[in-house]
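Note sheet for the following structure.
The values are calculated or read from the model by the stated rules, or taken from the named source; none is laboratory data. Since the model is a prediction, treat every value here as computed from it, not as a measurement. Using ideal geometry, Cβ is built from the backbone for each residue, glycine included, and neighbour counts are taken over all protein chains shown. Ligands, DNA and RNA are stripped out before the accessible areas are found, and what is left, the full protein with its side chains, is counted by its heavy atoms. Shrake-Rupley method; radii C 1.70, N 1.55, O 1.52, S 1.80 Å.
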Amino acid sequence: MNPSTRSASRRQFLKTSSGMALFVGVSGLLPIALSCADRKKIGEQLSKQPLTAWVQLSEDGQLTIYNPAAEMGQGSMTSLPVIFAEEMDADWSMVQVIFSPQESDIYGSEGWGASRKVMLSAGSRVTTGYYSLMRKAGAQARHIILHSAAKLWKVPIGELTTKIGKVVHPEQGLSASYGEIVPFLEVPEILPDFNEKGLKDPADFRLIGKSVARTEIPEKVNGSAQFAIDIRLPNMVYAVLERGAIHGARPALKNKASILAMDGVLKILPMDHAIGIVATTLERALEVKKRLEIDWEHGQTGGFNSKDVFAVYEKHAEKKTKGKVLTEIGNVKKAFRSAAKTYRADFKNDYVYHAQMEPLNAVVQVATDRQSAEVWVGSQQGFDEKLGVPKVLGIPPEAVKINLQYLGGGFGRRSMTDFVTECALLAQEIPGRPVKLLWTREDDLTYGAFRPQTLQRLSASTDAKGNITGLSHSIIGDGGNLVASGIKNNYYDIPNQYAEWKEVSHGIRLKHWRSVGHAPNKYAIECLLDGIALDQGIDPLALRRTLMRNAPRALATLEKAAIMSKWNGPAVEGRAKGLAFLERSGTLSTAVCEISVNRETGKIKVHHFWNALDAGVIVQPDNVRAQMEGGILMGMSSVLKERITIAEGQVQQSNFHDYPLLRMEDIPESIETEMIPSTEHPQGVGESGTPLVACAIANAFLRLTGKALRHLPFTPDRVLEVLNSADREKKYASISHSN
C-alpha cells in the first residue's frame with residue numbers, strides 16, 4: 001500500500017483532517033483543541049505528541065476513536081470507527097469509541113453535498129457519507145505513526161509496514177506497538193493526501209465486511225448506557241409544555257398569577273404555540289400543567305378532517321392544471337395516445353406517527369451571564385450542528401456546547417430541533433441551573449410531526465405486446481420533498497415517465513419519517529405493476545425481469561430474492577407471495593413476502609419475508625441484516641396497524657392504547673436477508689427495508705384474492721371491505737381501460 005504522490009503541508013493537514021489538532025500525552029487524557037488559525041500556538045505544541053483530530057492514542061496502546069454520527073441503534077458507534085481502524089491498521093481489541101464534538105467544519109460529512117459539511121444522521125447517509133473520509137483519516141493516522149517510527153529507527157519509511165497495531169521493519173526484525181511510538185510521535189512536514197489508490201486494497205480488509213461486535217451493546221445490555229432521558233445534574237429543574245389540541249393554535253394564559261403562586265413553580269413562559277412551565281420536580285410540573293386556564297386561538301387546521309379530505313384530493317387530481325414537475329422523461333402524452341391499453345389507479349395513505357421509544361427530551365443549562373450554554377440531548381443532529389440553540393439564545397455558535405447522547409429511536413423525528421430550542425428558551429429564564437424538558441407521549445402524539453397523508457393517481461400505458469410504454473404519477477398532498485422521494489424509476493426500462501406534486505396544505509405538522517416518501521410512493525408504483533401483470537396474465541417477476549433488462553445490479557437482487565423465496569415453487573394452501581423492488585439511498589433491494597388472510601376478521605398474517613440487496617461494500621454484515629429486519633418490522637407495523645386521524649383539527653389518538661403498534665404475535669416466522677457482494681461505494685441501508693413492505697403485502701394479497709388494497713394502512717376493517725366487495729370491477733379491472 002503506497003500513498004499517492006499528492007501531498008499537503010502540515011498546516012493543510014491540520015485543516016483538512018479536521019481544522020483542529022488533538023494532542024495526546026502518555027496518560028491518554030482528553031485532547032487539547034487548537035485552532036489552525038493560531039499558528040504560533042500550534043508550532044509550540046507540535047513538539048509534543050500529536051496525532052489527528054479523529055483519534056487519541058496512549059502509551060499503553062489504547063485508542064479512542066471519535067464517532068461523528070448519532071447512535072440510535074443503527075450501529076454508527078461501530079461502523080464508522082471500524083472504517084477508520086481498518087485503514088489505521090489498529091488493534092480493534094484496544095479501541096474504545098466516544099462521540100465527537102459537534103463541530104461540522106471538523107467532523108461533518110460531505111454526504112449532503114460537496115458545498116457543505118453536515119453532521120446529520122438521516123437519510124441513510126451516515127456510512128456512505130463518511131466512508132471515504134474515515135478511510136482517509138485512518139490512513140493519515142497510520143502514516144504519522146510510520147513516519148514517527150522511521151525517524152526513531154532512522155530507516156526509510158518505505159521499509160516499514162504495520163500489522164494489527166504494530167509497526168514492523170521486516171528486514172531488521174524491529175517491531176513496536178503503536179503505544180510504544182507515542183512518546184516519539186511527530187507530524188511530518190509533508191503529509192500525503194491519500195486518494196483511493198493510496199488506501200488499502202479491499203481484498204486485504206480484516207475488519208470491514210467481517211463480524212465485529214457492536215461497541216455500545218454491552219452497556220445497553222447492562223444498563224449503563226446513558227440516553228438523554230437518563231441525565232441527572234446538580235440543581236436540575238424540570239419543564240413541560242402545554243400545547244394546543246390543534247396544530248398552530250396560539251395560547252392566552254388566563255391564570256398566570258395563581259399558577260406562579262403555587263409551591264414548586266419557578267417560571268411560566270408563554271410561547272407562540274404553548275405555555276411553558278418550569279418547576280422543582282417533574283411531577284409538580286405535570287400537575288401544574290393540568291391547572292392552566294388557556295384560551296386558544298385556532299389557526300389554519302381548525303375544522304380539518306383527515307378522512308374527508310381525500311375527496312378534495314381527488315378533485316385536485318382531476319384538474320388539468322400542472323403541478324410541480326418532479327421528473328419528466330420522454331413524452332408520456334404521446335405514449336398514452338398510441339397505447340394499446342391504459343391503466344389508472346388511485347392509492348391513499350394516512351398520516352403516520354414516528355412512535356420512537358424514548359420520549360422527546362433535552363437538558364439545557366444557560367450560564368448565569370447568559371453568554372454561553374451547554375446542552376445534553378439525543379439528536380439526529382442537523383444542518384445546524386448546534387441544533388438552533390445559538391439563534392434562540394442570541395449567542396455565537398462557539399458559545400454552545402452539545403453533549404450528544406444515545407437516542408432511543410429517531411426515525412426522522414429527532415432531526416427536528418423543536419424540543420431542544422423550547423428547552424433553551426426555558427433555560428434562559430433560569431440561568432445557572434440545568435433545565436430538563438420532557439414531552440409526554442401524549443404531547444408527542446397529539447402535537448406530533450407526521451408522515452404526510454397523500455393521494456396518488458397513477459396511470460400507465462402498454463403497447464400491443466404488453467410492454468409498459470408510459471407511466472404518469474401525480475401526488476396530491478402537503479410536504480414538498482416529504483412526499484416527492486421514491487418516484488423515479490431509474491431501474492425500470494419505461495421510456496416515457498412523468499411525475500408531479502400538487503400541493504394541498506392544511507397546517508398539520510409534518511416531518512421526514514423513515515424512508516420519507518418512498519414507502520407510500522413505491523407502494524403505489526409496485527402495486528400498479530402487479531395490477532398490470534394480473535390483467536395481462538403475466539407473472540409479476542417476469543414483468544420486472546423485462547423492465548430490469550438494462551439494470552443488471554437491480555436484476556441480480558430480483559433473481560436472488562426469487563431463489564430465496566422459491567418463487568416458482570408450489571404455493572402453500574391459503575397463502576400467496578408478493579414481491580416488490582426498491583432503490584433507496586443507493587441500495588437496490590427486492591423483497592418477497594408470503595401472507596395469509598383471515599377472511600372472517602380481515603387480519604393479514606405475514607408468514608415469511610425474504611429480501612436480497614446490493615448496498616455496495618458492506619461494512620458490518622450483521623448490522624445490515626439487523627437494519628433490514630428492523631426496517632421490515634417497522635414497515636409492517638405502519639402498513640397493518642398505524643394511522644393518525646384528525647377530526648375538527650384535533651388528532652384523535654393520544655397514546656399506544658389507540659395508536660396500536662405491531663406486537664410479537666404479529667411478526668413473521670422468518671425474515672431472511674441476503675447481501676450481494678460488491679466493491680462499489682457503500683450505500684444507505686437503514687431505510688431500505690421499510691418501503692418494501694406495503695407493496696409486497698399488497699401484491700401478495702392481490703395474488704391471493706384477485707383484489708387490490710389501495711389505502712394504507714391495511715387495517716382489518718379495510719381488508720374486510722375489499723374482501724366483501726362483490727363488484728368484479730373492485731377486484732382488479734377497475735384499473736384497466738382498453739382503448
* Residue in the stretch 344-358 that is over 30 Å from Gln652 (Cα atoms) and surrounded by fewer than 24 Cβ atoms within 10 Å (Cβ to Cβ) present -> yes
* Structure fact -> Residue set Ile164, Ile190; condition under 42 Å from the mean Cα position of the chain (by Cα), in the same structural domain as Gln96 (by TED's automatic domain parsing) and modelled with pLDDT of 95 or more; output residue Ile164
* Structure fact -> Quick count over the stretch 443-470, residues being charged (D, E, K, R), assigned by TED's automatic domain parsing to the domain that holds Lys334 and not in a strand (DSSP E or B), is 2
* Residue among Ala373, Ala340, Ala317 that alone is within 33 Å of the chain's Cα centre (by Cα), open to solvent by less than 70 Å² (accessible area, probe 1.4 Å) and assigned by TED's automatic domain parsing to the domain that holds Cys695 -> Ala317
* Residue that is in contact (Cβ under 8 Å) with a residue 12 or more places away in the chain, among the acidic types (Asp, Glu) and crowded, with 17+ Cβ neighbours inside 10 Å, where the choices are Asp443, Asp463, Asp493 -> Asp443
* Asked: For the stretch 271-292, which residues satisfy the criterion of being touching a strand residue (DSSP E or B) at 6+ places or on another chain (Cβ under 7 Å) and surrounded by fewer than 14 Cβ atoms within 10 Å (Cβ to Cβ)?
  -> Asp272, Thr281
* To do: Give me a count of the residues in the stretch 536-554 that are assigned to a helix (DSSP H, G or I), open to solvent by 40 Å² or more (accessible area, probe 1.4 Å) and not basic (Lys, Arg).
  => 3
* Would the stretch 379-392 turn up any residue that is part of a strand (DSSP E or B) and farther than 30 Å from Leu709 by Cα? -> yes
* Asked: Mind checking which pairs have a first residue in the stretch 258-276 that is farther than 14 Å from Leu292 by Cβ and a second that is part of a loop (DSSP other than H, G, I, E, B), Cβ under 6 Å, 6 or more apart or different chains?
  -> Gly264/Thr280
* Only one of these is small (Gly, Ala, Ser), more than 24 Å from the chain's Cα centre (by Cα) and open to solvent by less than 20 Å² (accessible area, probe 1.4 Å): Gly631, Gly706. Name it. => Gly706
